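Here is the structure we will look at.
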Amino acid sequence: MSNIDVLKLLQRASAQLKFANKELCRPSEDVVSFCICSQAKCSIADLLSSFLLMKGIDISHAENLEQLRKMCSEINENFSKLDFSGMDCHPTKIPLEEHYCMGIERVKECLKIANQVKEVVWNFYRNERRKYLN
């Protein structure tokens, strides 16, 4: 995967998180929690995948978010500090499977985790970006 493809993954993940955060800011009766959960999970998958791809790691055998996180943890200890246990929507399932949180409080936790993953990946990217912009 090229550096441009990695950047596109990072941009897509950021857009997904922005959408989810915006959805959560709506009046509670208008919030579509499925959208928040779905966007948060897809964002986490893209963020973790982009990190691994930046490192030249094959992700084709990863089956779920927790496996991606563990692969990232083997490279960078900051990923081992991420706790996916608050994701009641099954982080051991792949993002496209139909396991989603439906309550607003639950999706808030998923979104919080997704934002933490974003911080770890983007901090790494900012520190290493010179290597990936050439």
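The values are calculated or read from the model by the stated rules, or taken from the named source; none is laboratory data. From a predicted model like this one, the values you see are computed outputs, not experimental measurements. Here the Cβ is made from the backbone with ideal geometry for all residues, glycine too, and neighbour counts use every protein chain on show.
Here are a few things to note about the model shown:
- For the criterion of being surrounded by 14 or more Cβ atoms within 10 Å (Cβ to Cβ), modelled with pLDDT under 95, of a type outside the set (Val, Ile, Thr) and outside any helix (DSSP H, G or I), HIS61 fails.
- Single unsatisfied condition, GLU74 versus (1) within 16 Å of MET87 (Cβ to Cβ); (2) modelled with pLDDT of 95 or more; (3) acidic (Asp, Glu): (1)
- For region 77-97, a tally of residues being modelled with pLDDT of 85 or more and of a type in the set (Asp, Glu) returns 2.
- Residue count for region 7-17, restricted to those that are more than 10 Å from the chain's Cα centre (by Cα) and at pLDDT 90 or above: 5.
- The selection criterion, being among the charged types (D, E, K, R), out of contact with any strand residue (DSSP E or B) (no Cβ under 6 Å at 6 or more places or on another chain) and under 14 Å from ASN115 (Cβ atoms), holds for ASP46.
- Residue within region 18-35 that is at pLDDT 90 or above and among the hydroxyl-bearing types (Ser, Thr, Tyr) present: no
- Residue match in region 35-48 (condition: among the acidic types (Asp, Glu) and assigned to a helix (DSSP H, G or I)): yes
- Of the residues making up region 22-39, not a single one is in contact with a Cys (Cβ under 6 Å, 6 or more places away or on another chain), small (Gly, Ala, Ser) and in contact (Cβ under 8 Å) with a residue 24 or more places away in the chain.
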